[in-house]
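First the structure, in the form of structure tokens, and then the observations on it.
The values are calculated or read from the model by the stated rules, or taken from the named source; none is laboratory data. If you're wondering where the values come from, they're calculated on a predicted model, not measured in any experiment. Here Cβ is always computed from backbone atoms with ideal geometry, including for glycine, and neighbour counts include all displayed protein chains. Quick note on the areas: whole protein, heavy atoms, side chains included, nothing else; ligands and nucleic acids left out. Shrake-Rupley method; radii C 1.70, N 1.55, O 1.52, S 1.80 Å.
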Amino acid sequence: MDISGKTIVCGLIGDPVEHSMSPAMQNAAFRELNLDYAYVPFRVRGEDIGRAIAGMRALGLRGLNVTIPHKMAVIPFLDGLDALAGKIGAVNTIVNDGGTLTGYNTDAGGFLQPLLERGFNPEGKRIVVVGAGGAARGITFALVDKGARLVMLNRTADRARALAEQLCQHYPQGAEGMELNEHNLAESSANADMIVNTTSVGMGASSNETPIPRQVLRRGALVYDIVYNPLKTKLISEAASAGCVTISGAEMLAWQGALAFEKWTARKAPIELMKREVIRHLRNED
Ligand code: ATR
């Protein structure tokens, strides 16, 4: 649909934004449903974040995605926060309802959707999460919020313990944090229903590495790697050959976009198209 005086505008703020797949994915979804919406990227520097949100109000933008490094910094400028986004302390999606801005975290919901698509309900499941950085935060809160029992393993053990402590403050069943080493990995993975990699190991230049040695991967377990570039990480390849069910970060990426799309448009997102768009974009990058 051509841009007109009636076009509803959404976008992305971050720094950098030029490699983002969101414009291609969101605009393809708008076209598919014949919606008079457009999605544009905005590079915003850290010191300009408050003015960017004021600009969102002044320009009447319907929605924004927020990416690195602004996911925490936008919060003081919003009018309200979704409960889970508040616990996580990070927002990746803003909805503007007639001048009232609400922050959501669709990274968390986007992580869960591929599990639900496979009929995997996290409630009561034993899950090992490797990594305790920014990406782990949304994922671990999403999982514990659904009643999962977590063991978190991180190279810097104190970071895993600190995140576990914060989870325990919000959820009674909480989580345990430990050092990432072969012994702890083997012990925690032995009876785990799912193992999740939230670290950057296996991405880009480290594509010949895996954060989880092959010998701990058990047939039938789910292995979820949030790395999406390359599409088939070493972890995903080894897990598939060990007989695990595998989920790639590309699915999470498409779903976080789909959930944002649904908040802005109140329409069901064309998720299969959005997944294809992410994969097409990633293949072109190789
Ligand atoms: P993000 O926001 O993408 O999660 P981050 O906050 O820098 O980025 O966290 C990166 C995660 O990957 C951390 O858990 C980090 O471990 P440390 O806390 O010990 O730094 C983990 N990580 C990065 N490189 C790693 C490596 N080579 N081996 C193990 N863990 C690694």
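Listed by first and then second residue, the pairs linking a residue in the stretch 52-77 that is within 14 Å of residue 95 (Cα to Cα) to a residue that is of a type in the set (Gly, Ala, Ser) and assigned to a helix (DSSP H, G or I), with Cβ atoms under 7 Å apart and 6 or more places separating them unless they lie on different chains, are 63/260; 65/22; 65/260; 77/50. For the stretch 106-122, the set of residues classified as crowded, with 16+ Cβ neighbours inside 10 Å and either on the phi > 0 side of the Ramachandran plot or not charged (D, E, K, R) (or both) consists of 106, 108, 109, 110, 111, 112, 113, 114, 115, 120, 122, listed by residue number.
Of the strands (runs of 3 or more DSSP E) that lie entirely inside the stretch 123-212, those containing 2 or more residues that are surrounded by fewer than 21 Cβ atoms within 10 Å (Cβ to Cβ) span 175-179.
It is to be established whether one or more residues within the stretch 57-75 are touching a Ser or Thr at 6+ places or on another chain (Cβ under 9 Å), in a helix (DSSP H, G or I) and modelled with pLDDT of 95 or more. No: the stretch 57-75 contains no residue that is touching a Ser or Thr at 6+ places or on another chain (Cβ under 9 Å), in a helix (DSSP H, G or I) and modelled with pLDDT of 95 or more.
Where residues in the stretch 213-236 are open to solvent by less than 50 Å² (accessible area, probe 1.4 Å) and assigned to a helix (DSSP H, G or I), which of them is nearest to residue 126 (Cα to Cα)? My answer is 216.
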